[in-house]
1. For residues that are open to solvent by 20 Å² or more (accessible area, probe 1.4 Å) and either basic (Lys, Arg) or touching a helix residue (DSSP H, G or I) at 6+ places or on another chain (Cβ under 8 Å) (or both), tally how many sit in region 278-288.
2. Name the pairs whose Cβ atoms lie under 7 Å apart, with the first residue in region 3-27 and free of Cβ contacts under 8 Å to residues at least 24 places away in the same chain, the second among the acidic types (Asp, Glu), and 6 or more positions between them or separate chains?
3. Among the residues of region 270-297 satisfying the criterion of being among the hydroxyl-bearing types (Ser, Thr, Tyr) and assigned to a loop (DSSP other than H, G, I, E, B), which is modelled with the lowest pLDDT?
4. Can you tell me which residue is modelled with the highest pLDDT among those in region 73-101 that are under 12 Å from residue 55 (Cα atoms) and of a type in the set (Lys, Arg)?
5. Listed residues 243, 162, 218, 257; which is closer than 30 Å to residue 14 by Cα and at pLDDT 75 or above?
6. What is the number of the single condition among (1) farther than 30 Å from residue 225 by Cα; (2) open to solvent by 20 Å² or more (accessible area, probe 1.4 Å) that residue 308 does not meet?
7. Counting only residues that are at pLDDT below 95 and among the polar types (S, T, N, Q), which one in region 122-158 is least open to solvent (accessible area, probe 1.4 Å)?
8. I'd like the residue in region 315-329 that is among the β-branched types (Val, Ile, Thr) and in a helix (DSSP H, G or I) and, out of all such residues, is most open to solvent (accessible area, probe 1.4 Å).
Amino acid sequence: MQTLQHNFTETIITILNKHFPGYGDIILSNSELLQYINIKTKAANRGSKSRASFANHYAIYVLIEDYLQNEFHIKNSYEDYEGAQYTALKRRQIELPFGNKLQNHALNHRLNEEFKKYFRTSLYLPIIRNSATNRYWINENLLKIQIDNQVINIAESVRDIIDAYIQARMNSFNEFIIYCQKLIEIQEQSSETAIEFIRSLLKPNIDARIFEIVSYAILKQYYAEQKIYWGWSQDELNIDNLILYKTGRTNANDGGIDFVMKPLGRFFQVTETIDVGKYFLDIDKVQKYPVTFVIKTEQEVEYLFSKIEEQARTRYKIKAIIRKYMECVEEVINIPELIIRFNKVLEFQRGIQVIEEIVLQSRVEFNMEEEASEDEV
């Protein structure tokens, strides 16, 4: 397959040239494992639409690290190795930046399945696993590349490339957090700077995680000013402000629901595509419960509704099915609508709360600090 080119590709080639002077491009074009890592490091550049996910990177990393620590790149006796223990690999993953929430899916099957999707004709999969003994190996066939009648081992290069990717992501997240903290400090002296910063984050090309965090921070404060009157009888009514809750991390497998509103019970899903299949899958996950979609686009709401309905007609044909799904699209909120709601929040004098929420959620999302325990809340 043709090598994907993005900002981090140059870093990959530079690292390869450091280990194998003058051969960086050739090695990348001849290595399926490096091409896969190249695909998975697209999110290193700031503003990428790709979500940063470390599970598959770290599955490769900890096995490569085990391979190098045992000096199999020198000894050439990997075929006799009893394999790395799962508990040791998992413990090492947790020690790595952003790794403390990772599960075992990548090591067990997800990495291999995704690799197979990109390299359908490949003879090899990255991870070899003995489920009976719970031992793991990196597929050495993917580490040895034949260049100019010699076989080279790219294990050290792979380790250094993933290290560089982790550092790039950490730098990006740290800069974002530091900027947010500075904005809190200058909010009273220069509220316009803080406001413009938030507006700058509401762009179609902003990182998907950051967009979700900013959307949540704005909507939480927007709804906080709204009250609902409810009760078990008309004579005894309760008065509650609407409260928006974030259900988990932005890359969590939580059934497709990103925010939940109390006490109305509204569901919110943040997305960056106009993909009816994805929307209706989310609706199906909650048994056709109505969902509000927050879409990372500047296209008009009316156009978005028409595109959703158009795709639904193409997909389902049956009017009753189409109508049922469309009724489950409770509301569509686009970037212009978010900006309008942010302006309302500013009128409520709640701009500082938006900034503080962005900082809080970003630190949790990017593992800059652990979430407060229930006793601390």
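The values are calculated or read from the model by the stated rules, or taken from the named source; none is laboratory data. Because the structure is predicted, anything quoted here is derived from the model rather than measured. Because the Cβ atoms are built from the backbone with ideal geometry, glycine has one as well, and the counts that use them run over all protein chains shown. Quick note on the areas: whole protein, heavy atoms, side chains included, nothing else; ligands and nucleic acids left out. Shrake-Rupley method; radii C 1.70, N 1.55, O 1.52, S 1.80 Å.
1. Total meeting the criteria: 3.
2. 13/25
3. Selected residue: 273.
4. 90
5. Working: 243 fails: closer than 30 Å to residue 14 by Cα; 218 fails: closer than 30 Å to residue 14 by Cα; 257 fails: closer than 30 Å to residue 14 by Cα.
Exactly one residue qualifies, and that residue is 162.
6. Among (1) farther than 30 Å from residue 225 by Cα; (2) open to solvent by 20 Å² or more (accessible area, probe 1.4 Å), residue 308 violates only (2).
7. Here the answer is 122.
8. 321
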